[in-house]
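Each remark here refers to the structure printed beneath this line.
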Amino acid sequence: MKLPIIITAGMLTAAIAYNAYALTCGAQPSCDSLGYTYTGSTSDCLNKPLKCPFNSSYFNCTKKTDAVNLLVPNYNRGVTLSANGTTYTVGSGNLASYSCGWVLFENYDTNGEMPIESQWYINNVIVGRQNSGTVLKWTTMNSGIYFVNKGDTFKNVGKAGINKLTFFPCKGF
């Protein structure tokens, strides 16, 4: 009776030893396969770089140029919107496919007989305006471009002779 117990114990010990060997001596994954692909300067990183546990010359981080390339305006995909005071929301309505972008407000006026004011709003806060100058003396032109994120609202309450509102989506989105 003792012989089967000894044989079973011996087989169990061998199996445990084999599994321990497989765990400690198996091939480790490459840094590249784990996402640690960057080997440049860590000064290029926005955040603290994460070093590969197997080779400290490889790391992973968000690079400054990658972040900039995601957020710059895509001037080739501009969307012309109404500047009559209509409120637009990034990520909703005709801007539903966008999660961030840049809003270009423009107002041009050859001064008429009375001073006028156009107002630019983001999230119900006036971020810019255009005021007419002296009556019948010169043309006033004002423009401004602002970054907006998903959920932000904006509008151009244009009262000038020519009013424009253009949305440029972020390049990386």
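Remarks
- Filter result (open to solvent by 40 Å² or more (accessible area, probe 1.4 Å), closer than 14 Å to Gln119 by Cα and free of Cβ contacts under 8 Å to residues at least 60 places away in the same chain) within the range 147-173: Lys159, Gly161, Ile162
- The residue of the range 33-49 that is modelled with the lowest pLDDT, among those that are under 25 Å from the mean Cα position of the chain (by Cα) and over 30 Å from Val148 (Cα atoms), is Gly40.
- Counting residues in the range 11-18 that are hydrophobic (A, V, I, L, M, F, W, C) and modelled with pLDDT of 80 or more gives zero.
- Number of the exception - Leu71 against (1) over 26 Å from Leu46 (Cα atoms); (2) out of contact with any helix residue (DSSP H, G or I) (no Cβ under 9 Å at 6 or more places or on another chain); (3) among the aliphatic types (A, V, I, L, M); (4) surrounded by 12 or more Cβ atoms within 10 Å (Cβ to Cβ): (1)
- Identity of the residue in the range 41-53, in a loop (DSSP other than H, G, I, E, B) and open to solvent by 100 Å² or more (accessible area, probe 1.4 Å), that ends up nearest to Val68 (Cα to Cα): Leu46
- Number of the condition not met by Trp102 [criteria: (1) loosely packed, with under 15 Cβ neighbours inside 10 Å; (2) farther than 30 Å from Leu34 by Cβ]: (1)
- Residues that are of a type in the set (Val, Ile, Thr) and touching a Pro at 6+ places or on another chain (Cβ under 9 Å), drawn from the range 27-61: Thr42
The values are calculated or read from the model by the stated rules, or taken from the named source; none is laboratory data. Here the structure is a predicted model, which is why all the values come from computation and not from measurement. Positions of Cβ are generated from backbone atoms using ideal geometry, with glycine treated the same way; all protein chains shown enter the neighbour counts. Side chains are part of the model used for accessible areas, which takes the heavy atoms of the whole protein and leaves out ligands, DNA and RNA. Shrake-Rupley method; radii C 1.70, N 1.55, O 1.52, S 1.80 Å.
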